[in-house]
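Chemist: Got a structure here, written out as structure tokens. Questions coming.
Throughout, read-outs are computed from the coordinates displayed, never taken from laboratory work. None of the values given here were measured: they were computed from a predicted structure. Glycine gets a Cβ as well: all are built from the backbone with ideal geometry, and neighbour counts include every protein chain shown.
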Amino acid sequence: MLKCNIRHLMIDNEIENVFELMKITGLSRETVNKLFKIKDIETIKFESIMRVCNALHCKLSDLIEYIPDDIDN
């Protein structure tokens with residue numbers, strides 16, 4: 001499972017809404033909404049994720065976390 005911390009990072013960087021992040025990054029609403037709504041994150045281009053990281057002054061691991069599914073052995 002992927003977890004996105006974009007909401008917390010936006011607050012930390014005083015970015016008030018999705019539209020402001022779109023303006024800063026130059027990304028489409030669809031791309032930003034995927035991160036914001038944590039939907040289909042794996043389909044976002046790496047270049048787009050790096051733009052968000054640059055805008056939020058964070059590392060990739062700060063923005064997106066991989067949480068392994070519990071596997072019963």
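Chemist: State the extension gain, in nm to one decimal, for the chain segment bounded by His8 and Lys45, taking 0.36 nm per residue of separation less the distance between their alpha-carbons. Spell out each step's value before the answer.
Modeler: Values: separation 37, 0.36 × 37 = 13.32 nm, distance 2.14 nm.
This chain segment gains 11.2 nm when fully extended.
Chemist: Give the range of the longest stretch in the chain that excludes all GluC sites (Glu not before Pro) found in loop regions by DSSP and having at most 14 other beta-carbon atoms within 10 Å. Before the final figure, lay out the partial values.
Modeler: Values: sites that count: Glu14, Glu16.
No qualifying site falls inside 17-73, the longest such stretch.
Chemist: I've got another one for you. Which trypsin sites (Lys or Arg not before Pro) in region 1-54 sit in a loop by DSSP (not H, G, I, E or B) and have at most 12 other Cβ atoms within 10 Å of their own Cβ?
Modeler: Working: sites: Lys3, Arg7, Lys23, Arg29, Lys34, Lys37, Lys39, Lys45, Arg51; in loops: Lys37, Lys39, Lys45.
Of the trypsin sites (Lys or Arg not before Pro), the ones in loops of region 1-54 whose Cβ has at most 12 other Cβ atoms within 10 Å are Lys37, Lys39, Lys45.
Chemist: So for the chain, taking the charge dipole from beta-carbon charges (+1 Lys/Arg, -1 Asp/Glu), which of Thr25, Ile38, Ile49 sits furthest toward the positive end?
Modeler: Thr25
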